[in-house]
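The structure appears below as structure tokens.
The values are calculated or read from the model by the stated rules, or taken from the named source; none is laboratory data. These numbers were taken from a predicted model, which means no experiment stands behind them. Note: ideal-geometry Cβ built from the backbone for every residue, glycine included; neighbour counts use all protein chains shown. Accessible surface areas use protein heavy atoms only, side chains included; no ligands, DNA or RNA. Shrake-Rupley method; radii C 1.70, N 1.55, O 1.52, S 1.80 Å.
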Amino acid sequence: MKRNRSESLFEQAQLLMPGGVNSPVRAFKNVDGKPVFFKSAKGPILIDEDENQYIDFIGSWGPMILGHSNPIILDAIKAQLELGTSYGAPTSLESTLASIIKSQVPSMEKLRMVNSGTEATMSCIRLARGHTGKNKIIKFTGCYHGHVDSLLVKAGSGVSTFGLPDSPGIPKELAALTYSCPYNDIEAVSRVANKIGDDLAAIIVEPVAGNMGFIPGESKFLSALKTLCNQHKSMLIFDEVMSGFRVGLGGAQSIYQIEPDLTAMGKVIGGGLPVGAFGGKQSVMDQLAPLGPIYQAGTLSGNPLAMSAGIALLDALIKINPFDELEIASSEIMVHTKNLMNDKGIPFSTSSIGGMFGFFFSENLPQNFDDVVKSDDAMFKKFFTASLNQGIYFAPSKYEAGFISATHDQSILDQTKSKIEKIVKEL
Ligand SMILES: *Cc1c(COP(=O)(O)O)cnc(C)c1O
């Protein structure tokens with residue numbers, strides 16, 4: 001497979017943007033590769049600048065759950081396009097999208113639209129601090145919540161040590177307010193919460209983690225977080241930017257039957273346009289300006305094009321409710337892959353929920369970030385590179401999840417399986 005145009009476009013992009021990209025994972029550094037530049041996409045297929053085709057298992061990191069260039073979404077965007085692209089003033093579309101989200105995720109009694117997942121989690125943190133009058137935050141190592149200063153922190157070795165910023169530019173005084181604990185570890189988080197509870201504003205978690213590979217939270221772990229937050233009068237924030245409308249219509253919170261105080265959303269709810277949202281109890285949300293003193297705003301928030309795309313996608317998603325089929329489809333591919341790997345003596349583990357899945361080159365399914373670090377890096381890179389060259393587009397890092405769409409029909413699944421047979425044979 002030749003990718004000459006992608007290569008020369010990457011050269012040019014590197015002169016204009018740091019690393020040639022506008023978001024770091026796209027640069028393929030984790031897999032020692034060069035990024036593919038795309039020019040179009042339809043259904044489950046991506047087409048690159050050299051006319052190569054790929055079966056897509058990223059789906060723009062979630063939003064393409066009903067396939068690329070879905071006519072229902074394109075028509076909605078076109079219809080709004082004729083009416084104007086932004087007014088900087090209220091529209092009925094914002095209430096429509098908000099009421100659709102609330103109908104599926106009732107813990108979001110009131111919500112605010114923003115433009116990205118980062119804005120959503122950042123606003124949740126500010127609201128939690130403003131509402132509780134407390135400052136400290138607990139997060140979990142390997143959970144990603146966008147590039148918010150307070151959340152770009154992981155633990156040192158001890159769970160009770162002060163957090164160290166992962167990035168220069170974040171004041172250590174701010175990072176010191178963030179504590180990081182191992183995911184799925186009730187004892188560790190209880191110890192920290194009991195120690196800092198008086199100043200604990202919030203615990204933020206990906207209830208289904210998709211940023212250290214795919215690791216579902218354990219039910220008893222997530223329930224324990226709810227209990228700890230109740231005990232300490234802290235807010236439980238579910239970051240469902242990735243899992244919202246991806247693992248099921250009601251997100252992870254409906255699967256686990258746990259109601260967080262605040263929820264952050266993004267990705268799917270924008271139908272492929274830039275959108276985020278956050279919401280929770282009315283009494284808490286009403287503390288935001290203009291009703292309350294906690295400030296939060298956005299010039300293009302609730303943008304009519306983005307709202308139209310989100311409404312069209314969520315309406316269709318609710319009608320189709322494809323989540324059981326999506327889970328069966330990704331399992332079919334992944335179990336097939338696992339059998340092929342195991343026949344060759346290569347350790348491989350996999351799991352799926354709704355339209356999200358993951359795989360690891362490890363004997364057992366990882367439960368936390370440290371387990372993922374231990375999974376076989378070299379084998380992941382080999383498998384990723386071979387898959388790309390066979391026309392299968394998996395996420396370019398073992399720390400990312402997989403995504404499938406309702407347009408991955410049986411013929412696409414069969415093609416994927418036979419490509420994977422070739423790939424595994426040559427590993
Ligand atoms: C993608 C993601 C974010 C950040 O969203 P952006 O739109 O990239 O700012 C936050 N939290 C989770 C769980 C995510 O997957």
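The table below gives the values:
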{"read-out": "Kyte-Doolittle mean at least 1.0 and Cα axial length at least 27 Å: DSSP H helices in the chain", "value": "none"}
{"read-out": "Net charge contributed by nearby residues that have their C-beta within less than 9 Å of residue 44 (K/R +1, D/E -1)", "value": "-1"}
{"read-out": "Ranked order, 126, 26, 3 - accessible area, probe 1.4 Å, largest first", "value": "26, 126, 3"}
{"read-out": "Peptides ranked, highest mean first, by Cβ atoms within 10 Å: ranges 234-244, 84-94, 129-139", "value": "234-244, 129-139, 84-94"}
{"read-out": "Rounded percent of accessible protein surface that carbon and sulfur make up, the chain, 1.4 Å probe", "value": "54"}
{"read-out": "Cross-link reach list, lysines versus residue 267, counting only Cα pairs under 17 Å and skipping chain neighbours closer than eight places", "value": "102"}
{"read-out": "Charge dipole magnitude, Cβ of K and R +1, D and E -1 - the chain, Cα centre, debye nearest 20", "value": "520"}
{"read-out": "Estimated D of segment 71-320 in µm² per second, where Rh is the Kirkwood radius over Cα pairs and Stokes-Einstein applies at 10 °C, 1.306 mPa s", "value": "87"}
{"read-out": "Size descriptor, Kirkwood hydrodynamic radius, that averages inverse alpha-carbon separations across segment 286-422, Å", "value": "17.7"}
{"read-out": "Per-peptide average of other Cβ atoms within 10 Å, ordering 8-21, 215-228, 372-385, 354-367 highest first", "value": "354-367, 215-228, 372-385, 8-21"}
{"read-out": "Approximate shape of the chain as ellipsoid semi-axes (Cα gyration tensor, √5λ), whole Å, largest first", "value": "33, 27, 20"}
{"read-out": "Mean Cβ neighbour count within 10 Å, used as a protection proxy, ranking 249-257, 315-323 highest first", "value": "249-257, 315-323"}
{"read-out": "Of 154/226; 319/382; 39/417, those spanning more than 32 Å from alpha-carbon to alpha-carbon", "value": "319/382"}
{"read-out": "1.4 Å probe accessible area per residue over segment 141-254, in Å²", "value": "35"}
{"read-out": "FRET efficiency estimate (nearest 0.05) - Cβ-Cβ, residue 283 to residue 325, R0 60 angstrom", "value": "0.95"}
{"read-out": "Helix-only CD estimate at 222 nm, as mean residue ellipticity for the chain, using -39500 (n - 2.57) per DSSP H run (n ≥ 4)", "value": "-12000 deg cm²/dmol"}
